[in-house]
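S.K.: Right, I'll just put the structure down here and ask away after.
Just so it is clear, none of the values below were taken in a lab; they were calculated from the coordinates. Just so it is clear, the model here is predicted, and its values are computed rather than measured. Cβ: placed from backbone, ideal geometry, glycine included. Neighbour counts: every protein chain shown.
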Amino acid sequence: MKQLDYLLPPGHLFMIDEQNLFKISTRDLQHISRVGVLVNILLRTVMAGLKSDPCMVSELLFSGLAPDYRALGMCHPERAPMLTRVDLMVDVCGRWRIAEIDPANKHGSGFSLAIRYESGAGERQKLLSLIAPLVTDDLTIVLGRNESFFRYEQRYFAQKLAEFTGKNVKVIAEEKLSRNLDGLNLILDFPFCHDAENVKLLGRLFMERPEIFINPPRHGLGGKALMTLPWEHEQWLELAGMNQIEIQELKAYLPPTYSGPFVGKEVFSSGAKGVNFDSIGKHTVFQKYVEQRPFDMNGEKKFIRMSCIFVGPSLGELAVSANTELPVHGGNTSVHYHVNVG
């Protein structure tokens, strides 16, 4: 095991097993690649639907977003996300299931690259080769103040991307944004910003020059409500351009997911005892629990979560986090693996 302390702030651990790879079959890879295609179709369909008929789902997708982010989500709808992370898990029947879809930020790119290079597989890098055609100029990665946890892994990502493309790739903190306007030729994404003035500044840039954002501000598509659409709004998706076969195929990977509000009740609740009313009046997402299959990893039974980074519909990188307990992410006890096909 190896601790990659250059990726995280002090006090946090990022352990990788650089000796052992997580192996998947060619058929697994085909499923994972197909998930990327279907998710990309979904994202583009939703943007088309928001342009032609926003009333049905806009409130659902934008619930809880600040007004500036809501407004930006409807601007330049022809610009779909280009960098999307999809997290997958494996159920007890061995089927791949979608745990999360995040087309709104760049988190984890540096982690995945580091796992690959530390495992001796850097020469087969695909993520950088897929992103490279989009990096037509010097690139800036803006790091929101609440993203400071990711500052080291994003610097690592910037370093590798600069080496691959020959462009200047820099990471600047949100607080320094106003002093770096002259250098903003190309921007990776539009982060959640702590300061409203920075939201307005980036918002004006997007309104005037949408082409400089590789990942446009699509924060509404990064919420859990996106995953309710194939289950609750099939007709809306069809009218927006996604065919029924694609919708049903996506649902095979997506656990049943619905929007609320909901009331949580214990089986033997009595009156208000054992009843959770916290979700009343709120937009809440209810998703069927997926019982996960444990894997035998170095003599231990572990659950996994696979991070898949897609550039458009194309698979760029795979990395696995494994832990003896659920949830897999977010703890210092997880071990990370590069994924190998074969």
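S.K.: Where a ≥ b ≥ c are the square roots of the eigenvalues of the C-alpha gyration tensor, would you call the stretch 131-217 rounded, which needs a/c under 1.5, or, failing that, prolate if a/b is larger than b/c, or oblate?
M.R.: Numbers: a/c = 1.91, a/b = 1.23, b/c = 1.56.
Here the stretch 131-217 falls in the oblate category.
S.K.: Give me the dipole magnitude in Debye, nearest 20, for the stretch 131-217 about the Cα centre, with unit charges on the beta carbon: positive for Lys and Arg, negative for Asp and Glu.
M.R.: Numbers: 11 positive and 13 negative charges, 28 e Å.
The calculated dipole for the stretch 131-217 is roughly 140 debye.
S.K.: Please give the contour-minus-distance gain from E118 to Y6: 0.36 nm per residue of separation, less the Cα-Cα distance, rounded to one decimal in nm.
M.R.: Details: separation 112, 0.36 × 112 = 40.32 nm, distance 1.22 nm.
Taking 0.36 nm per residue and subtracting the Cα distance, the gain is 39.1 nm.
S.K.: Now, a different point. Within straight cross-link reach of K282, meaning Cα distance under 29 Å, which lysines are found once same-chain residues fewer than 8 apart are removed?
M.R.: Excluding near neighbours in sequence, the set is K51, K106, K200, K224, K251, K265, K273.
S.K.: Assign unit charges at the C-beta atoms only (+1 for Lys and Arg, -1 for Asp and Glu), then state the dipole size of the chain relative to its Cα centre in Debye, rounded to the nearest 20.
M.R.: Numbers: 37 positive and 39 negative charges, 38 e Å.
With Lys and Arg at +1 and Asp and Glu at -1, about 180 debye.
S.K.: Determine the gain in length on full extension of the stretch M207-E163; use 0.36 nm per residue of separation and subtract their C-alpha separation, reporting nm with one decimal. If you can, show how the numbers build up before the last one.
M.R.: Working: separation 44, 0.36 × 44 = 15.84 nm, distance 3.07 nm.
That pair, M207 and E163, stretches by 12.8 nm at full extension.
S.K.: Restricting to the stretch 85-179, what percent of DSSP beta bridges are antiparallel, rounded to 5? Write down the numbers at each step before the final one.
M.R.: Values: 6 of 11 bridges.
Looking only at bridges with both residues in the stretch 85-179, the antiparallel portion is about 55 percent.
S.K.: Using the Karplus curve 6.51 cos²θ - 1.76 cosθ + 1.60 with θ = phi - 60°, what ³J(HN,Hα) values do you get for each residue of the stretch 64-73, in whole Hz, with x for Gly and Pro?
M.R.: x, 7, 5, x, 4, 5, 4, 5, 5, x
S.K.: Right, another one. Take each complete run of DSSP H in the chain, measure how far its Cα atoms stretch along the helix's own axis, and keep only those covering 20 Å or more with mean Kyte-Doolittle hydropathy at least -1.0; list them.
M.R.: Values: long enough: 26-52 (39 Å, 0.50); 151-165 (21 Å, -1.15).
The qualifying helices are 26-52.
S.K.: While we're on this one: Positive end of the charge dipole of the chain (Lys, Arg +1 and Asp, Glu -1 on Cβ, about the Cα centre): tell me which of A252, T228, V263 has its Cα farthest that way.
M.R.: It is A252.
S.K.: Right, next: Out of the stretch 65-142, which GluC sites (Glu not before Pro) are coil in DSSP terms and have no more than 13 other C-beta atoms within 10 Å?
M.R.: Numbers: sites: E78, E100, E118, E123; in loops: E78.
Answer by residue number: E78.
S.K.: I would also like to ask the following. When a/c is below 1.5 the answer is rounded, else prolate if a/b is larger than b/c, else oblate, so apply that to the stretch 23-70 with a ≥ b ≥ c taken from the square roots of the Cα gyration tensor eigenvalues. Don't jump to the answer; show the numbers that get you there.
M.R.: Values: a/c = 4.42, a/b = 2.45, b/c = 1.81.
Here the stretch 23-70 falls in the prolate category.
S.K.: Arrange the following residues from fewest to most other Cβ atoms within 10 Å of their Cβ: T333, T136. Please report the intermediate quantities before stating the final value.
M.R.: On the way: T333 11, T136 14.
Ascending Cβ contact count within 10 Å gives the list T333, T136.
S.K.: So if R0 is 41 Å, what FRET efficiency would I245 and A66 give, r being the distance between their Cβ atoms, rounded to the nearest 0.05?
M.R.: Details: r = 37 Å, r/R0 = 0.90.
My answer for the efficiency is 0.65.
S.K.: F286's amide H: which non-local residues (gap 5+, or another chain) put their own amide H closer than 5 Å, with H modeled 1.01 Å from N in plane and none for Pro or chain starts?
M.R.: It is Y258, S259, G260, by chain and number.
S.K.: Now a separate question. What do you get for chymotrypsin sites (Phe, Trp or Tyr not before Pro) in the stretch 1-55 restricted to DSSP loop and a cutoff of at most 13 other Cβ within 10 Å of the site's Cβ? Please report the intermediate quantities before stating the final value.
M.R.: Values: sites: Y6, F14, F22; in loops: Y6, F14.
Hits after loop and neighbour filter: Y6.
S.K.: If you don't mind, there's one more thing I want to ask. Projected onto the charge dipole of the chain (+1 at Lys/Arg Cβ, -1 at Asp/Glu Cβ, origin at the Cα centre), which of N323, M82, V46 gives the Cα projection farthest towards the positive end?
M.R.: Of the candidates, N323 comes out farthest on the positive side.
S.K.: Next question. Based on other C-beta atoms within 10 Å, arrange F286, F62, F192 from fewest to most. Show your work: numbers first, answer last.
M.R.: Numbers: F286 15, F62 23, F192 18.
With the sparsest Cβ surroundings first, the list reads F286, F192, F62.
S.K.: So, one more: So for each of 248-254, 258-264 I average, over its residues, the number of other beta carbons within 10 Å; can you give me the resulting order with the highest mean first?
M.R.: Values: 248-254: 17.9, 258-264: 14.7.
Top of the packing list down: 248-254, 258-264.
S.K.: Which residues in the stretch 197-235 have a backbone N closer than 20 Å to a point placed 7 Å from the Cα of K170 along the Cα-to-Cβ line?
M.R.: Output list for this probe position: 198-199, 201-203, 205-206, 212-215.
S.K.: Which whole-angstrom value gives the distance between the alpha carbon centres of the stretch 223-295 and the stretch 34-81?
M.R.: 18
S.K.: So, in nm, how far is label N298 from label C93 when the simple model puts each one 7 Å beyond its Cα toward the Cβ?
M.R.: According to this spin-label approximation, the distance is 3.3 nm.
S.K.: Then there's this: Picking from G108, F295, V169, whose Cα lies most toward the positive end of the charge dipole for the chain (charges on Cβ: Lys, Arg +1; Asp, Glu -1)?
M.R.: So the residue we want is F295.
S.K.: For the chain, what is the calculated [θ] at 222 nm in deg cm²/dmol (nearest 500), taking -39500 (n - 2.57) for each run of four or more DSSP H residues and dividing by its residue count?
M.R.: Numbers: 10 runs with 103 residues, N = 342.
Calculated from helices alone, the mean residue ellipticity at 222 nm is -9000 deg cm²/dmol.
S.K.: For the stretch 291-342, which GluC sites (Glu not before Pro) are in a loop by DSSP, counting at most 15 other Cβ atoms within 10 Å? Before the final figure, lay out the partial values.
M.R.: Values: sites: E291, E300, E317, E325; in loops: E291, E325.
Answer in residue order: E291, E325.
S.K.: Mind listing the long-range amide H neighbours of E100? Cut-off is under 5 Å, sequence gap 5 or more, other chains count too, H placed in the peptide plane at 1.01 Å from N.
M.R.: For E100, the qualifying residues are D87.
S.K.: Amide H to amide H, which residues 5 or more places from F213 or on other chains are under 5 Å from it, using H placed in the peptide plane?
M.R.: I187
S.K.: Still on this structure, I have one more. I need the shape label for the chain. Rule: rounded when a/c is under 1.5, else prolate if a/b > b/c, else oblate, with a, b, c from the alpha carbon gyration tensor. List each step's numbers first, then the result.
M.R.: On the way: a/c = 1.45, a/b = 1.05, b/c = 1.38.
Note, shape of the chain comes out rounded.
S.K.: Calculate one ³J(HN,Hα) per residue across the stretch 87-93 by plugging θ = phi - 60° into the Karplus curve 6.51 cos²θ - 1.76 cosθ + 1.60, and present them in order as whole Hz with x for glycine and proline.
M.R.: 9, 10, 10, 10, 7, 5, 8
S.K.: Which whole-Hz ³J(HN,Hα) couplings does the stretch 310-323 yield from phi under the Karplus relation 6.51 cos²θ - 1.76 cosθ + 1.60, θ = phi - 60°, glycine and proline marked x?
M.R.: Result, rounded to whole Hz: 10, 10, x, x, 9, 6, x, 7, 10, 8, 10, 9, 10, 8.
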